[in-house]
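What follows is a set of notes on a single structure, which appears directly below.
The values are calculated or read from the model by the stated rules, or taken from the named source; none is laboratory data. Treat the numbers as computed from the prediction; the structure is a model and nothing was measured. As a convention, Cβ positions derive from the backbone with ideal geometry for all residues, glycine included, and neighbour counts pool all protein chains shown. To get the accessible areas, we keep the full protein, side chains included, count just its heavy atoms, and leave off ligands, DNA and RNA. Shrake-Rupley method; radii C 1.70, N 1.55, O 1.52, S 1.80 Å.
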Amino acid sequence: MTNVTRLCHTKSILTVNGKFPGPSIFAREGDRLVIRVVNHVQNNVTLHWHGVRQLRSAWADGPAYITQCPIQTGQSYVYNYTIVGQRGTLWWHAHISWLRSTIHGPIIILPKFGVPYPFPKPYKQVSIIFGEWFNSDPEAVINQALQTGGAPNVSDAYTINGLPGPLYNCSAKDTFTLNLRPGKVYLLRMINAALNDELFFGIADHLLTTVEVDAIYVKPFISDTILLGPGQTTNVLLLTKPTLPNATFLMLARPYASGTGTFDNSTVAGILHYKNTKKNFPLLTPILPSLNDTAFVTNFTSKLRSLATPQFPANVPKKVDQKFFFTVGLGTSPCLNNQTCQGPNGTKFSASVNNVSFVLPATALLQAHFSGQSKSVFSSNFPITPLNQFNYTGTPPNNTMVSNGTKVLVLPFNTSVELVIQDTSIIGPESHPLHLHGFNFFVLAQGFGNYDPVNDPKKYNLVDPVERNTVGVPVGGWVAIRFMADNPGVWFMHCHLEVHMSWGLKMAWLVLDGSLPNQKLPPPPFDLPQC
């Protein structure tokens, strides 16, 4: 626990090594990482290495009750994994309840020695991590919401590298400042660690060249604003002015809000300052898209394309073994014991995938599977299509109740999967940033309205689709992805809006062992935490 003051509010927060945000991990492609985590706080905790493929190292993935039981007070666990075929920016965060609000930090993976970037070599690299600050304890915020059945209170500020900046009360001294030299190329490693918000980001009078998302190089393109969903990372090149400008520049981030619920509609600012410029120069402000600018979001995401070069190929599965159709969205569940809840019509808010709201088990799924005890912990009958079909983006059905269960979907080793994820308008349509553990996937297409299985596949990009680990399902629309299930283990897939995950918008894939020795999951490490 570390005392931190923001917005004139001092509180004790959970940190790693006393730092907020937490320490950066630097590695090279191909490196093995051994990270010992010791729990000195009262909360159970786990760490997740977001976007790391974890090939045959599912025991190190970190989501609580999925691949491991949490690390209890006074206990420790060693996360041991190798970074295979990845380079760029990823991040790590706590993966239990809402602890990731303060427990997070960058993972910076440099290319192998002697391997250049496929873009101009930057003069300097800077990590920029967006977060959300709550004056109250985020654990109390979500616990109260789960008890009352209503929506949780929103955050009090957004932060850049832990600092709220000059647009918030009492925060002028807590401002992230970037000091630049003219005529240089800077690589900004952007990470959205906010709990519940997709964010627009821009810098006054400067253009950004996107060169990588989710640790995968993309065809470079220039824009004045970028969008990051929670969990997503984006590397941009910033080319500074050729000579010292007579100005300083604000960098701003604020939410893209696609739903109908309340959200923190404030703006976080940092300052971009050229060395040796005077203090009294005018301060220029960027113009960001409006809070609900879905057209900008669609246009921006459509520009993301894989490099698809011989050195960095886009190995899209051309043949599909199994096709799945998942609906995602909000729903309701009944209030317990005749009390009145604060969700719609006196119910509790819930969220689901194919109308199954996921219930966390008391034993980790991977441990149960590996030890042959799965029957008492989970069932393998997750529905591969919605059990009730309706007009997903039209008038919502009268019955908004979800079902509950701990269900997984079983895949044989090396199955090629095509998955269409469809947003629903049951409580109101909303963009859902969906994160898949253990795999990257190719984003073939996205659209609005209901997915059309006859005509929409004609729009698939099988040449250079972007490869990601977290994708935004468009508000009132759908996205189609493909991946190869070539990694044995139990792999979580969930909405990265923490409130939706708390309400049950999550599921798990169980990928079985292959026949060869190098296609099998090794046994768990001796120090794997017990529940």
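Table for the structure above
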{"quantity": "Subset tally (residues that are in contact with a strand residue (DSSP E or B) (Cβ under 7 Å, 6 or more places away or on another chain) and either β-branched (V, I, T) or open to solvent by 40 Å² or more (accessible area, probe 1.4 Å) (or both)) for region 302-329", "calculated": "10"}
{"quantity": "Checking N153 against (1) free of Cβ contacts under 8 Å to residues at least 24 places away in the same chain; (2) among the polar types (S, T, N, Q); (3) in contact with a strand residue (DSSP E or B) (Cβ under 9 Å, 6 or more places away or on another chain), the condition it does not meet", "calculated": "(3)"}
{"quantity": "Restricting region 1-35 to residues that are farther than 17 Å from G105 by Cβ and touching a Pro at 6+ places or on another chain (Cβ under 8 Å), the residue that is surrounded by the most Cβ atoms within 10 Å (Cβ to Cβ)", "calculated": "R6"}
{"quantity": "Pairs with Cβ under 6 Å, 6+ apart, first in region 369-392 and within 30 Å of Y451 (Cβ to Cβ) and without any contact (Cβ under 8 Å) to a residue 60 or more places away in the chain, second part of a loop (DSSP other than H, G, I, E, B) and not hydroxyl-bearing (S, T, Y)", "calculated": "P383/N354; F390/P397"}
{"quantity": "Residue list for region 429-472, restricted to those being within 19 Å of G259 (Cβ to Cβ), hydrophobic (A, V, I, L, M, F, W, C) and surrounded by 22 or more Cβ atoms within 10 Å (Cβ to Cβ)", "calculated": "L434, V471"}
{"quantity": "M484 assigned to a strand (DSSP E or B) and either within 19 Å of G51 (Cβ to Cβ) or out of contact with any His (no Cβ under 6 Å at 6 or more places or on another chain) (or both)", "calculated": "yes"}
{"quantity": "Residue check for Y186: within 26 Å of the chain's Cα centre (by Cα), of a type in the set (S, T, Y) and crowded, with 22+ Cβ neighbours inside 10 Å", "calculated": "no"}
{"quantity": "Filter result for T210 (assigned to a loop (DSSP other than H, G, I, E, B), modelled with pLDDT of 95 or more and of a type in the set (S, T, Y))", "calculated": "no"}
{"quantity": "Given (1) surrounded by fewer than 18 Cβ atoms within 10 Å (Cβ to Cβ); (2) assigned to a strand (DSSP E or B), number of the condition P397 does not satisfy", "calculated": "(2)"}
{"quantity": "P152, sole failed condition from (1) open to solvent by 40 Å² or more (accessible area, probe 1.4 Å); (2) part of a loop (DSSP other than H, G, I, E, B); (3) touching a Leu at 6+ places or on another chain (Cβ under 9 Å)", "calculated": "(1)"}
{"quantity": "Unique residue being open to solvent by 10 Å² or more (accessible area, probe 1.4 Å) and in contact with a Gly (Cβ under 6 Å, 6 or more places away or on another chain) when the list is T267, T260", "calculated": "T260"}
{"quantity": "Qualifying residue in region 312-323 (condition: under 21 Å from P152 (Cα atoms), modelled with pLDDT of 95 or more and within 24 Å of the chain's Cα centre (by Cα))", "calculated": "no"}
{"quantity": "Conditions (1) assigned to a loop (DSSP other than H, G, I, E, B); (2) open to solvent by 10 Å² or more (accessible area, probe 1.4 Å); number of the one not met by I66", "calculated": "(2)"}
{"quantity": "Total residues in region 77-88, condition over 19 Å from A215 (Cα atoms) and open to solvent by 40 Å² or more (accessible area, probe 1.4 Å)", "calculated": "2"}
{"quantity": "Boolean, Y186 is hydroxyl-bearing (S, T, Y), in a strand (DSSP E or B), within 25 Å of L250 (Cα to Cα) and modelled with pLDDT of 95 or more", "calculated": "yes"}
{"quantity": "Hits in region 1-31 (condition: without any contact (Cβ under 8 Å) to a residue 24 or more places away in the chain and over 19 Å from G165 (Cβ atoms))", "calculated": "T2, N3, S12, N17, G18"}
{"quantity": "Those residues of region 89-136 which are of a type in the set (S, T, Y), surrounded by 15 or more Cβ atoms within 10 Å (Cβ to Cβ) and more than 20 Å from M190 (Cβ to Cβ), in sequence order", "calculated": "S97"}
{"quantity": "Close pairs (9 angstrom Cβ cut-off, 6 or more residues apart or separate chains): part of a loop (DSSP other than H, G, I, E, B) in region 491-504, buried (at least 24 other Cβ atoms within 10 Å of the Cβ) and modelled with pLDDT under 95 anywhere", "calculated": "none"}
{"quantity": "Matching residues in region 325-366 - criterion: being farther than 24 Å from V377 by Cα and of a type in the set (A, V, I, L, M, F, W, C)", "calculated": "F325, L330, C335, C341, F349"}
{"quantity": "Residue selected from region 360-389 under the condition hydrophobic (A, V, I, L, M, F, W, C) and assigned to a loop (DSSP other than H, G, I, E, B), by the criterion most open to solvent (accessible area, probe 1.4 Å)", "calculated": "L387"}
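Per-residue answers, yes or no, for (1) at pLDDT below 95; (2) farther than 20 Å from F370 by Cβ; (3) not aliphatic (A, V, I, L, M):
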residue	(1), (2), (3)
N80	no, no, yes
I83	no, yes, no
A94	no, yes, no
R100	no, yes, yes
P106	no, yes, yes
I109	no, yes, no
G114	no, yes, yes
E132	no, yes, yes
